[in-house]
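Since every read-out is calculated from the coordinates, none of them should be taken as a lab result. Quick caveat, the model's predicted, so the values are computed rather than measured. We place every Cβ from the backbone using ideal geometry, glycine too, and count neighbours over all the protein chains shown.
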Amino acid sequence: MKLTNPEVIIINEDKFDIPENIEYLISSILISENKTLNKVVTISFINEDEMQELYKRYFGYAQSTDVLSFEAGEIDPESGKEIMGDIVICYPFVDHQSLKLGNELFAEIKLMVVHGMLHLLGYDHMTEDQKSEMWQSQNEILLANGIKLNQLPE
């Protein structure tokens, strides 16, 4: 099999200021998790109203949050790449959260990308064991990519 880079589709209709190296971060996460790079991931940066609308549609009540992930797990018939799913980041929420926690905004955004990708890779944090495993992988990826945070969100 030919080595390829993941296809990362960035949707940023509000033209938020985002890190330029998200594609590299996605590759790094896949490599650290021993996954092939033959994947497609969509990352959308949205506003508070859009996040509340999504939350209401999928969870039954309007609430804002920092990041949501939606698994697809399909194969693109044209490219043969696995379509992993969508990571949706609420930019204003993350911006406010970074200020509250004393984190640099781009580091906070990268944390959301890492967290969302781990969900697409099957991690969860519903139980203490799951949370421990996910947080360990998350911390290893952050460290490997030089992403420094003063404090993690709860």
Open item on the list: What's the ranking of 116-124, 129-137 by average number of surrounding C-beta atoms within 10 Å, highest first?
Closed with: 116-124, 129-137
Open item on the list: Under the rule of at least 5 residues apart or a separate chain, name every residue whose amide H is placed under 5 Å from the amide H of GLU104.
Closed with: ASN150
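Please give the net charge around PRO153, taking every other residue with its beta carbon less than 11 angstrom from that of PRO153, where Lys and Arg add +1 and Asp and Glu add -1.
For residues surrounding PRO153, the net value is -2.
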Open item on the list: Give the lysines whose C-alpha is closer than 16 Å to that of LYS35, dropping any in the same chain fewer than 8 places away, or say none.
Closed with: LYS2, LYS81
Open item on the list: Suppose the chain between THR4 and GLU78 were pulled fully straight at 0.36 nm per residue; how much longer would it get relative to their current alpha carbon spacing?
Closed with: 25.1 nm
- [ ] Using the Cα centre as the reference, give the magnitude of the dipole from point charges on the C-beta atoms of the chain (Lys, Arg: +1; Asp, Glu: -1; all else neutral), rounded to the nearest 20 debye.
- [x] 300
TODO: Counting only DSSP beta bridges with both residues in the chain, tell me the antiparallel percent, nearest 5.
DONE: 35
Task: (i) 27; (ii) 24; (iii) 20, with the label sought being that of the calculated percent of Cα pairs over 25 Å apart - done: (i)
